[in-house]
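A.B. asks: Below you will find the structure I want to go over with you.
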Amino acid sequence: MRGRKPPPKPFGDVVELPASVVRIPPCPDTLLGALARECWDSVAREMVARNLYADDRRDLLEAYCFQRARFLEASREIAMDGVMVATDNQKATRVNPWVRIANGAFDRLLRAGSELGLSPARARELQRRERTSRREQ
């Protein structure tokens with residue numbers, strides 16, 4: 001398919017649920033880091049509340065959490081070492097390798113987020129649909 005992919009549609013009516021009511025799906029065992037697990041808890045809760053979560057999106061959500069954790073780790077390393085680092089012989093500087101890792105993780109993070117329906121444009125579309133459905137009632 002060429003061009004932009006259509007945004008994912010909610011699985012039924014979009015209903016905002018209080019956070020205490022939302023039961024999030026269990027975190028997969030493959031998410032080893034604390035950052036990835038935190039991401040799973042917050043994003044899965046939001047997706048369930050927006051009625052966007054389904055079992056077939058579990059792997060994509062897992063990949064999203066991996067990439068977010070990788071991006072945050074790379075960003076911390078860049079903050080500690082700087083964007084430019086000294087070479088082995090200390091006579092020149094080069095771009096920190098963590099910059100490439102952070103850029104790649106961020107690109108994958110954006111792509112997975114848009115496929116999951118987590119982009120701001122997707123949030124506005126859902127709000128627009130909700131207002132339209134309220135007017136029709």
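The numbers here are math on the coordinates, done by the rules we state, and not lab data. Because the structure is predicted, anything quoted here is derived from the model rather than measured. Neighbour counts run over all protein chains shown; Cβ positions are idealised from the backbone, glycine included.
A.B. asks: Given a Förster distance of 22 angstrom, what is the FRET efficiency for Asp81 paired with Phe106, based on the Cβ-Cβ distance and rounded to 0.05? Display every interim value, and only then the final one.
C.D. replies: Working: r = 18 Å, r/R0 = 0.82.
FRET efficiency, Asp81 to Phe106: 0.75.
A.B. asks: Using unit Cβ charges (K, R positive; D, E negative) and no other charged atoms, how large, in debye to the nearest 20, is the dipole of the stretch 55-136 about its Cα centre?
C.D. replies: 440 debye
A.B. asks: Follow-up. Net charge within 14 Å of Cys39 by Cβ-Cβ distance, Lys/Arg positive one each and Asp/Glu negative one each, not counting Cys39 itself?
C.D. replies: Working: positive: Arg37, Arg45, Arg58, Arg68, Arg70, Arg108; negative: Glu38, Asp41, Glu46, Glu62, Glu73.
Around Cys39, the surrounding residues sum to +1.
A.B. asks: Please compute the Kirkwood hydrodynamic radius of the stretch 55-136 from all pairs of different C-alpha atoms, in Å with one decimal.
C.D. replies: Evaluated over the stretch 55-136, this radius sits at 15.2 Å.
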